[in-house]
Amino acid sequence: MKTINSKTIVFVTGAFVSHNGWDHWRDYFESKGYATLAPSWPHKDGTAEELRNRQPNDTDLAKVRYTDVVDHYADIIKQLPEKPILIGHSLGGLTVQKLLQRDLGAACIAIHSVPPQGVLSFEWSFIRSLWNPLGLFSSTDKTYLMSFKDWQYSFTNGMSYADQKHAYDISTIPESRKALRDPLTSAGKIDFKKPHPPILIIAGSTDHIMPASISYSIYKRYKNNSDSVVDYKNFEGHNHYVLGLPTWKEEADFILNWLDNN
């Protein structure tokens, strides 16, 4: 029996990048009959260029905590006429899981998700990619903007220089270090034993910042709960810039088919 009957999708962006990266995803799913939203985080409603121009003195953004982000999306979802399908990327992937825990979704798709509290990785690319953003010995009073060099390694590895630069210019925005660090605490906790609507975990084999092994570890944690549907898919050759890659429709098509069959 089909369990996902919602025709509304809420796209949840991750850290470091503009919510406008979902625009072509919205067009795609709207062409398939879905109503979609892709709200920005608090204090991030602007173009990438506008937000970068505030760096590093955007004090409002610097104060944002991860719980503020989750609550922000929860408040938006509560105004909708039905429970939506939740699709999130990176830290947005963790956020959609948190929202599902609050019974605010009909299904959840976590794309290259940040690990919940207690899901660990010791892969070098993961540690290297997050060392500068987390800045554990740096002040949280100012926002953090990922350098182009770090962007090349963490998000757009394997792409041409021109494509990396274009992606950086249209996507990269400042971030709250408080929001980045908070998922390491109980703010990032997931109760994997709690029954839940269907979940799909998507990974990319060449992702540096969120290696496929992390997504698989998240999947295995949920898989121990035999009362609920959880599926996993790893896309070969896809990096963390998955939403904007020329191959983005491979994920979108897979998600659509998964929704149709659950």
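What the chain shows is 44 Å² of accessible area per residue, with the surface traced by a 1.4 Å probe over protein heavy atoms. Compared with the dominant principal axis of the Cα atoms in the chain, helix 161-171 is inclined by about 80°. The angle separating the long axis of helix 248-260 from the principal Cα axis of greatest extent in the chain is about 30 degrees. Please work out whether segment 61-215 counts as rounded, prolate or oblate from its C-alpha gyration tensor, where a ≥ b ≥ c are the square roots of the eigenvalues and a/c under 1.5 means rounded, while otherwise a/b larger than b/c means prolate and anything else oblate? Taking the square roots of the gyration eigenvalues as a ≥ b ≥ c, segment 61-215 is prolate.
Please state the shape class of the chain: rounded when a/c is under 1.5, otherwise prolate if a/b exceeds b/c and oblate if not, all from the C-alpha gyration tensor.
Working: a/c = 1.36, a/b = 1.35, b/c = 1.01.
Verdict is rounded for the chain.
Relative to the longest principal axis of the Cα atoms of the chain, the long axis of helix 66-77 makes an angle of roughly 50 degrees.
DSSP assigns beta bridges within the chain; of those with both partners inside it, close to 10 percent run antiparallel.
Counting only protein heavy atoms, what percent of the accessible surface of segment 1-90 is carbon or sulfur at a 1.4 Å probe?
Working: 1880 of 4090 Å².
Taking all protein chains in place, segment 1-90 shows 46 percent carbon and sulfur surface.
According to the square roots a ≥ b ≥ c of the eigenvalues of the Cα gyration tensor, what is the shape class of segment 117-192, taking rounded for a/c under 1.5, prolate for a/b larger than b/c otherwise, and oblate for the remainder? Note, shape of segment 117-192 comes out prolate. Of all lysines in the structure, those lying under 28 Å Cα to Cα from residue 83, and not within fewer than 8 positions of it along the same chain, are 2, 7, 32, 44, 98, 189, 193, 194, 220, 223, 233, 249. With both labels modelled 7 Å from their Cα along Cα-to-Cβ, the residue 35 to residue 217 distance reads 3.9 nm.
Charge dipole of the chain (Cα centre as origin; +1 on each Lys and Arg Cβ, -1 on each Asp and Glu Cβ, all else neutral): 720 debye, rounded to the nearest 20.
The values are calculated or read from the model by the stated rules, or taken from the named source; none is laboratory data. A quick note: this is a predicted structure, and the numbers were derived from the prediction, not measured. Cβ sites come from the backbone with ideal geometry, for glycine too, and all protein chains shown count toward neighbours. For the accessible areas, the whole protein counts, side chains as well, though only heavy atoms, and no ligand, DNA or RNA atoms are used. Shrake-Rupley method; radii C 1.70, N 1.55, O 1.52, S 1.80 Å.
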